[in-house]
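Some notes on the structure that comes next.
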Amino acid sequence: MSQAVLDKLKERFGTAILETSSSFGDETAVVEPSQWKSVCTFLREDPALDFDMPVDLCAVDYPNRAPRLEVVMHLYSVPLRHRIRLKARVGDEDANGAELDSVTAIWPGMNWLERETWDMSGVRFRGHPDLRRILMYPEFEGHPLQRTYPADRTQPLVAYRTEGEAGMPLGKLEPFGPDEGMPFGRDALPRSEES
Amino acid sequence: MPTFKLDGKPIPFDAGETIIKAAWKQGVDIPHYCWHPGLSAPANCRMCLVEIAPKPGARPVTLDVLEWDAKAGTYRTTQKPKLQPSCYTAAAEGMEVLSDSSEHVRKARRDVQEFLLLNHPVDCPICDQSGECKLQDYWLEHGRYQKRMRDEPVHKPKGVVFGPTIVYDGERCVMCTRCVRFMAEVAKDPVLDMRERGNLNEIFVAPGRQLDGHYTFMTEHVCPVGALTTKDFRFKARVWFLRTASAVCQGCATGCNAHLDYDPRYNRAYRYRPRDNEKVNQFWMCDEGMLTYKQAHDGRLVQAKVRGEAASMAQAFEEAKSLFAGVPKESVGLVFSAAHSVEDNWMLREVGATVLGSRSFYASGAADGYEDRILIHRDKNSNTAGVKQIAPSAKALQALVEDVGSGRVTHVIALGAAAASATDALRGATVITVAAHQGPLADVSTILLPATSWAEQSGTYVNSKGIKQVSDKALEPLGASRPAWRHLLDLAGALGYEVSTTSLKQIRAQVLGGATVEALAPSPVTAPAE
Amino acid sequence: MEPVYAELEEGELELPAEPMHLNMGPSHPAMHGTVRIVLDLSGETIVRADVQVGYLHRGFEKMCERGTWAQVFPYVDRLNYVSPMLNNIGYALAVEKLCGLAVPERCQWYRTILGELARLSDHLTCNGAMAMELGAFTPFLWLVKAREMVWDILEEETGARLTHSFGRIGGMANPPSADFKGLCRATLPKILGLVEEGEKMLLKNRIFIDRLENVGRISGADATALGWTGPCLRSTGVAYDVRKAHPYLKYDEVDFDIPVGTKGDTLDRFLVRLGEIRQSIRIINQALERMADDGPISCDDPRFVLPEKDGVYTTIEATIQHFKLIMEGAKVPKGEVYSYTEGGNGELGYYLVSDGTGTPYRVRIRPPCFQITGGLSKLLEGRMLSDIVPTFGALNMIGGECDH
C-alpha cells in the first residue's frame, strides 16, 4: 500500500535512493545520507505523501559492515494512513564520522528522538538545536547501543560538579543548614567546638 | 566442470564424486549421520535420501506403499518414487536431484528421524553432546513430530568404558559406524565393531583389546550423538557457554588446525576440536595434540621473578636495565624458541640482533618424541621452521652451554624455557628468560618475564611443510603475563633503545612483507588426501 | 539581597532580575516515576522548562540482545508497567509478524480482553493519580479500588498483579482460567460504578475544572508534528487510534467508538480517558460473548511454542523441542519488521531486527510517552508553576516506558 510512496521517491530522487524493499507489510527506502534532509522535506510537504507524524528514529549497529551505523526512521501520515521506513547508513568501522542532518525543523518531535539516537548510538545530527544526552548522564563515556560497547563495562564515578557546571548552587541554600530535616530539638546534634 | 541440479541450483562436481560430497563442497547441507567427508560411505542411516528424477525416456522406479485414506477410512495402495542415498550415488552430468523441494524426501527424513529417536533415552539434560547434537538439530529442522510409541524403549549398556579415554553409551548410539570406520580406515587399527542385530545393535571393542592408540579422541569427534564421550571432557562444561577460537595445535611440527573451546566467564580452555584443513591435518588430530589445550593453564609462569624470587614487572625491568648496562654486544647471546610464534622470535631478533647487536644465535625447544605416518611428527615444537627462517644460523642449545662455560657469552636473552639438553651451566651467565611455561631455561634465569601462551595471543606458526598458520587469541592473559614480543619491546625501552615496530600489526607487516593475516588462513577443504 | 527584617523604604526593595531556578527533582511525589524538570521562573510564570528524563533508563534494548526472543517478555512488561499486558501482546504480535505465525482464534479474543483490561488499569491509574495530585484524594482511592479489581482478574489469570510476563510467541503462557468469563462479567459493572462515582465527585467541582480547563492546550497539528499518539493526541481532535486505523487482533469485529476531544487541553485528556474506560468495558463485554470456551490457545508450531511438560519429562522429542527453544531460542527468520499496537499511551511500536538466530539482533521499543513528554516543555512555557502538576499528570508519562 505504500509502494506508491517508494515509487514517488525513486522518481523524484533517482539515485539518491540507494535501494528499496518491501517485506512483512513495511516499505523501506535506503537514502544517501547527504540527501537525508531533502528527502524528509519532500515527504513532509508533498500533498500526495503528507507524512506529518514522526513515529520513530533509532540506529542499528552492524559492526561487520561499512558504513556501520544504520539510522532508521519511521514516518506516518495521519490523513492518508500510510507509512514509510527510511534508512541512512553512516559511520566508519570505529563508528566515527556518523553524521546526518537534523530534521527537527521539519518535525519538532524528532528533537528528543535525535538526542536519544546520539546518546545511545553516537550518530551526530548537524543543526540540532540542543544535541545533548537524554537518557544517560552528561559524564557518561561511550555510546551504549553500539555492539562494541561491552554490556558489563563500568563507568567512572562522577565527582560532585562545580556550581558553574551544574548551573545552580550546590548544597543547601541559606537558611537551611547541615541539620535540615533533623528533629525539632536542634540541640540533639553534637556541636563542634567552633559554632 | 560437469554440473548437476540440486533443487534447481547447479552444483559442479568432480568425476566419481557423490551427490552429498559435491553439495557439501558448495555449502549446501543434505542431512546425514553416517556420512563423513573423510571416511567411506556405508549408507546405513538413510537420512541423506534424495529423489533423483529418472533419465529422460526411462521409467521411474517406484515402490508400492500403503497410505491411510482418512475420508474412506481405509488403507489404499499408492506408489512413491524410490529415493536414493546421496552419500552413495555418484553425480552425473545433467542429473536432477530433489532434496528440500520434494515432499517425499521431506517425509522420508521425518520418518527416518522418528525411527532414530524411537528408543533414544531422554538424556539431553545429562548428555555432553547437547547443544551440538545432530539428533536435536535434525529433529527441529526435519522432524517436528511428537512420540507415537507407547512401549518401553529398548535398554542397552550405558557408561561402558571402552579404554583409557573413551566411554560408550549404547542407548544413545545410532549405529552409524563412523567410529568403526574411522578406526579401520584412518587410525589403521580396526578395534571397534558392531554386534547383535536389529534394535539390539551396539558397538563393542574387540575381545582382549581396549580402545587405545593415538587417535581415540577422534572416535568421539566423529560420533554425531552423545554415544561416545571422552573421559577428559565429559561433564566438564556445557557447549553453549563455550566460545571458539581458531587455533593451531602446539604439540608437534604438523601444526594441526584446531578449534580451541574456552569459557570466557572463567577464562578457561576446555577442549580442542579438530578444524578441517585439507593440506595439513584433513579432519583429524591425535590424542596427544587434543590434550595440549591443558597447557594453556598447566605449568604456567604468571609472575615476574628476579633471581628466583617473585617480583613486580617494574622491579624486573629495573634489574634488567642495571645488569645489561654497558655489556659489549659480542657477549650477548640470543636463544630463539621453536615453541614460540614467529612474531615473538622476530621481535627477539629485532631487539637482540638489530638493536643490541648480538650475533650469537641459538635455538631451544622440546626434545624429539614419538612419530607415526598418520599425523604425528617427531619434532614436538610447533615453529621450528619459523625459527629457521628468522635465524637460520641458530645453533643448538648445547653450543650455548659451551660458550657460557668458555666465557664467550656472559649475557643471554632467551625466549621460551624448553630445553632438550642440560642447562645448569647457564647459571654462570646473566639470563633473561621470557617464557610462558616452566622449564629448564626458566629455572636458570636471573630475570624471568612471564609470557602469554599461544592461547592468549594471536601468533603465526610455520609447520614442518613450511605452511604459515595463524593461531587466534582465545583467553585473556593469565596473571601478569603479556605477549613475549611486548616484553622484549619494553626490555629494549628499559635499556634505552627505541624500536619503531610497536604493534602486532606492524610486526606482521615486517615479517610477512605486508601480507595480511587473512592471507594466512587455512584453505578450505576440497577432497581428503588418500 | 537584604535580610527581610531590615527597615526598608518602599523604593529600596530590590527585586531579582534574573529568573529563579527551581528544580523539580527526579525524586518528587508528582513526578510520575522519575523525571526532572529544571524550571526558570519569573515569579510564578515559567520562562523555560527543561524536562530531563532518563532516570529510569535500565538498558532494555541492550539487554534484549543478550538473551533469546522469549526472554524479552519480562523486559517489555516493565515498560508501561501499569498496562503490562498491552506491551506483552504488542511484542508477541511483532515477533509473530516476523515469523509469519497466526495464533488461534480463541487466543486472539483472549488477547483482546486482557489488553483492554490492561488499558482499564492504565487509565484508572492516570486519572486517579491526577486527581490525587490536585488534592482530591478520595476519587483516587475509588479509582484505585477499581484498579485493584482489574488486577484481581489478572492475578487469577496470570499469577501476578503487575508484570505478568504472560505473552508468548505463538500464543499465551496459559489458557484462560475456568471462571474467567464469570469473574469479568461480575467485576466490570463494579468498576463502572466506581468510575461514575469518581466522575460525579470531580467533574462538578469548580476548582478541579478550573485547574484543568484551558491548561496545557495544544493544537492537533502541533501534537502530530511532535509525534503524539493515543489519548493525548485524540484530546486535540485528531481521531487516530491504531485499533481503528489499522485493526489487529479482533478489533475489527467489535463495536466501539473513539472518544475525541476538541481543545487539546488537560481537561480534554482527562475526559478522553474516562470515555476510553467505558469503551474498553464495551469491547470486553462483546469479546466475552464471542470468545470460545475451549480450543487451543497457542499455535502448535514446535519451532516457537514449548511442548507440554509431561512430554518433556518422558519423551525424547519433547525434550529436544524444549531444549532447543530454551537454550538456543526460537529461530526467528532473518529480516526486520515494525509492528505497532495501541498501548495505554498511544502507538506502541516494536522495530525488530533478526539475524536468523535465537537471539534478537536489535529490539527497538518505540515508547509513546517519550514523544509525549518531549512536548511537555512546549506546553509549560508561559504557564504558571501550579499548572505543571495537572499538565504533567494528564500526559500519563510512565517512567519505565519513557526511559526504557
*asked:* Please pick out the residue among C:ILE388, C:ILE372 that is crowded, with 21+ Cβ neighbours inside 10 Å, β-branched (Val, Ile, Thr), within 12 Å of another protein chain (Cβ to nearest Cβ) and in contact (Cβ under 8 Å) with a residue 40 or more places away in the chain.
replied: C:ILE372
_Which residue is farthest from B:HIS155 (Cα to Cα), if the candidates are limited to segment B:122-134 and must be at the interface with chain C (Cβ under 7 Å from one of its Cβ atoms) and touching a residue at least 40 places away in the same chain (Cβ under 8 Å)?_
B:GLY131
*Specify the residue that is nearest to the other protein chains (Cβ to nearest Cβ); the eligible residues are those in segment A:40-75 that are among the hydrophobic types (A, V, I, L, M, F, W, C), surrounded by 14 or more Cβ atoms within 10 Å (Cβ to Cβ) and over 15 Å from A:MET110 (Cα atoms).*
A:VAL60
*Quick one: C:GLU347 ticks every box in (1) more than 14 Å from chain A (Cβ to nearest Cβ); (2) in contact with a strand residue (DSSP E or B) (Cβ under 6 Å, 6 or more places away or on another chain); (3) not basic (Lys, Arg) bar one, so which box is it?*
(1)
*Can you tell me how many residues in segment C:315-332 are facing chain B (nearest Cβ under 7 Å) and of a type in the set (Gly, Ala, Ser)?*
1
*Unique residue being among the small types (Gly, Ala, Ser) and touching a residue at least 12 places away in the same chain (Cβ under 8 Å) when the list is C:ALA330, C:ALA318*: C:ALA330
*Would a scan of segment C:277-300 turn up a residue that is over 30 Å from C:THR391 (Cα atoms) and within 11 Å of chain B (Cβ to nearest Cβ)?*
yes
*Any idea which residue in segment A:120-139 is nearest to the other protein chains (Cβ to nearest Cβ), counting only those that are exposed (fewer than 15 other Cβ atoms within 10 Å of the Cβ) and outside any strand (DSSP E or B)?*
A:TYR137
*For segment A:86-114, enumerate the residues that are assigned to a helix (DSSP H, G or I) and within 9 Å of another protein chain (Cβ to nearest Cβ).*
A:MET110, A:ASN111, A:TRP112, A:LEU113
*What do you reckon, is B:ARG181 modelled with pLDDT under 95 and among the charged types (D, E, K, R)?*
no
_Scope segment C:23-55; condition surrounded by 16 or more Cβ atoms within 10 Å (Cβ to Cβ), more than 11 Å from every other protein chain (Cβ to nearest Cβ) and assigned to a loop (DSSP other than H, G, I, E, B); matching residues_ = C:PRO26, C:ALA30, C:MET31, C:HIS32, C:GLY33, C:THR34, C:VAL35
*For segment B:144-168, name all the residues that are of a type in the set (D, E, K, R) and either closer than 24 Å to B:ALA43 by Cβ or touching a His at 6+ places or on another chain (Cβ under 7 Å) (or both).*
B:LYS156
*asked:* Give me the residue from segment C:197-239 that is without any contact (Cβ under 8 Å) to a residue 12 or more places away in the chain and facing chain A (nearest Cβ under 10 Å) and, out of that set, nearest to A:TYR76 (Cα to Cα).
replied: C:ALA225
*Return a yes/no flag: does segment A:143-166 have any residue that is within 12 Å of chain C (Cβ to nearest Cβ), modelled with pLDDT under 65 and farther than 26 Å from A:ASN64 by Cβ.*
yes
*With respect to B:GLY170, is the statement that it is assigned to a loop (DSSP other than H, G, I, E, B) and either basic (Lys, Arg) or surrounded by fewer than 20 Cβ atoms within 10 Å (Cβ to Cβ) (or both) true?*
no
*Could you list, in sequence order, the residues of segment C:304-341 that are in contact with a strand residue (DSSP E or B) (Cβ under 8 Å, 6 or more places away or on another chain) and surrounded by fewer than 17 Cβ atoms within 10 Å (Cβ to Cβ)?*
C:PRO333, C:LYS334
*Residue check, C:VAL272 against (1) of a type outside the set (D, E, K, R); (2) at pLDDT below 95; (3) surrounded by 21 or more Cβ atoms within 10 Å (Cβ to Cβ); (4) under 27 Å from C:ILE89 (Cα atoms), all met but one. Which one?*
(2)
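The values are calculated or read from the model by the stated rules, or taken from the named source; none is laboratory data. Every value quoted in this text rests on a predicted model; they were computed, and no experiment measured them. Note: ideal-geometry Cβ built from the backbone for every residue, glycine included; neighbour counts use all protein chains shown.
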